[in-house]
Amino acid sequence: MIEIPDYEMYVANAMSELKDQFTFAHRLYDGWMLVEKDRYIIESKLDPLVIRLSMTLNVQACRQFRSIIELCERGEATNAMIVGRSLYETAVALMFVLSPQVPIRVKQKSGKTDAWQAEIHDPQLASNSFTNRLRAALYLSSTVFNDERCYLKWNKRAELQQMANVVKPGQALVDFCEREIGKEWSFILRHRPHTFSGLSLAELTKALGNNLDLYYDTVYHLFSRMAHAADAIRHASDNNGCFGPQWWSSVDDICGGLQAGSQVFLASTKILQNNFGFGTDTDSKLDELIANFHKVFA
């Protein structure tokens, strides 16, 4: 692959300037990967479906954070921030599944007897029936129903039928999901906004609390502009009035990518630790990492 002129020198200088930040990110990732988890997973009292989904989301979060670090090490902060946006969504999914209670309920649509919608309601009135298992089943069913929706749409066009068959879910799996979540939630997940909570991401972050909506309204919003090609100006430079290409990210942007990724990954690890309890040593190590995070990225 052709390298950009002076690329290696620039990246080396950036990593030197951000030595403490890169060291922290590596320490956070390596530390979490080395945490003993298997014994605590086996001993967990959580529903098996919740455990499996949580650990799958953990793998997803680890891979996303690793990608953020690697992209920042290559001077690609913009792309790291796009992955950081996805990491935030993973953390939201973890909190949705693992929170003790989530103030979301099913409401019948006005004037209709066979149509429902999800809505946020008073946290003090949160229902015990909206269990961790039901929320895990909603997440999985959403994936199945979205595949089903793609299949039904693509299968109508001859040129897309091969692709449609790739995503077509088995009927036994569809039936299982419908039994798990019931008629009302099956209807909700098959209609807009086509999300696992029945709410938009903005609404879900408000329901979950813990300042997730604040992050959504600020950092996530900026990262979304990059993800949706609405921030292309970042890839242009102004050198004494001469317009040209910007082939690498600024040191400040690299630092921002590492900071945002580390913050959300720390949140993910805390959610998992609070629900699985991977030993008291892990509690103290995470607390130390959180304190160190505020020092390194002050």
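Annotations
- Within the range 93-170, the proportion of Cα pairs with more than 22 Å between them is 46 percent.
- Convex hull per residue volume in Å³, alpha carbons only, for the range 166-240: 138 Å³
- Only lysine pairs 8 or more places apart, or on different chains, with alpha-carbon atoms under 19 angstrom apart are counted in the chain, and they number 14.
- Against the set (1) 20.5, 73; (2) 21.8, 66; (3) 36.4, 112, the structure's computed Rg and Dmax of the Cα atoms in Å falls on (2).
- Percent RCO, i.e. relative contact order, over the chain, from Cα pairs under 8 Å lying at least 6 residues apart: 27 percent
- Value of [θ]222 nm, deg cm²/dmol, for the chain, DSSP H segments ≥ 4, -39500 (n - 2.57) each, nearest 500: -21000 deg cm²/dmol
- Dipole-positive endmost among 188, 84, 233 within the chain (Cβ charges, Cα centre): 188
- As a proxy for reagent exposure, 81, 95 were ordered by neighbouring Cβ count within 10 angstrom, fewest first; the result is 95, 81.
Just so you know, all these numbers are worked out from the coordinates, no wet-lab data involved. The model shown is predicted, which means the values in this text are computed figures rather than measured ones. FYI the Cβ positions are ideal-geometry reconstructions off the backbone, even for glycines, and counts take in every protein chain you see.
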